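Working notes, beginning with the structure itself.
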Amino acid sequence: MEKVIDAFRQNLQLAHEKAKACDLVLDGFAEKGLGKFQAIFPKDSGFQCEANRVVPYVEELAKRFLEATGNGTETKIEPAKLTELAKLLNQIFALEHQLEQTAAAEVASETKTDD
């Protein structure tokens, strides 16, 4: 279980780094008048926060992970809790991937129009 907890922690760190980059993409969309929404995830997604950027969701997940592992001191986590947190992490990674793809497509289309 300790390896699982370590792997989850590493994935949280990766999600946080990607979230910062995704938030920059969302900032760029906002500057263009796109992406006008109150919350990234719907209320029934399992997240408690409502934010129009990704970092707050990752921070919420990290807090919930720390709570589930006794502020990082426990080497065990309840399987049901781990499953719940893993589903939330998966949602974050899926969103980050989608934003990365959208940003890449936008860059590609801007490059074509510059030619």
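Kindly evaluate VAL58 against the criterion of being in contact with a His (Cβ under 7 Å, 6 or more places away or on another chain) and under 30 Å from GLU2 (Cβ atoms). Considered against the rule, which asks whether it is in contact with a His (Cβ under 7 Å, 6 or more places away or on another chain) and under 30 Å from GLU2 (Cβ atoms), VAL58 comes out as yes.
Among the conditions (1) under 13 Å from the mean Cα position of the chain (by Cα); (2) loosely packed, with under 13 Cβ neighbours inside 10 Å, the only one that CYS22 does not satisfy is (2).
Which of the residues that make up the range 64-82 are part of a loop (DSSP other than H, G, I, E, B), touching a residue at least 12 places away in the same chain (Cβ under 8 Å) and either of a type in the set (Ser, Thr, Tyr) or buried (at least 17 other Cβ atoms within 10 Å of the Cβ) (or both)? Hits for the range 64-82 are THR69, THR75, ILE77.
Looking only at residues that are without any contact (Cβ under 8 Å) to a residue 24 or more places away in the chain and under 14 Å from PHE8 (Cβ atoms) in the range 83-105, which one is nearest to the chain's Cα centre (by Cα)? The extreme case among them is ASN90.
Within the span defined as the range 37-51, one or more residues are modelled with pLDDT of 95 or more, polar (S, T, N, Q) and farther than 15 Å from ASN90 by Cβ. Modelled with pLDDT of 95 or more, out of contact with any strand residue (DSSP E or B) (no Cβ under 7 Å at 6 or more places or on another chain) and outside any helix (DSSP H, G or I) - does that describe any residue in the range 54-63? Yes, the range 54-63 has at least one match.
Here LYS32 meets each of (1) basic (Lys, Arg); (2) surrounded by fewer than 15 Cβ atoms within 10 Å (Cβ to Cβ); (3) closer than 15 Å to LEU95 by Cα with one exception, condition (3). Each residue in the range 1-23 was checked for being part of a helix (DSSP H, G or I), over 16 Å from PHE93 (Cα atoms) and either at pLDDT 90 or above or hydrophobic (A, V, I, L, M, F, W, C) (or both), and 4 of them qualify.
The values are calculated or read from the model by the stated rules, or taken from the named source; none is laboratory data. All figures in this text were calculated on a predicted structure; none of them were measured in a lab. So basically every Cβ, Gly included, is an ideal-geometry build from the backbone, and we count neighbours across all protein chains shown.
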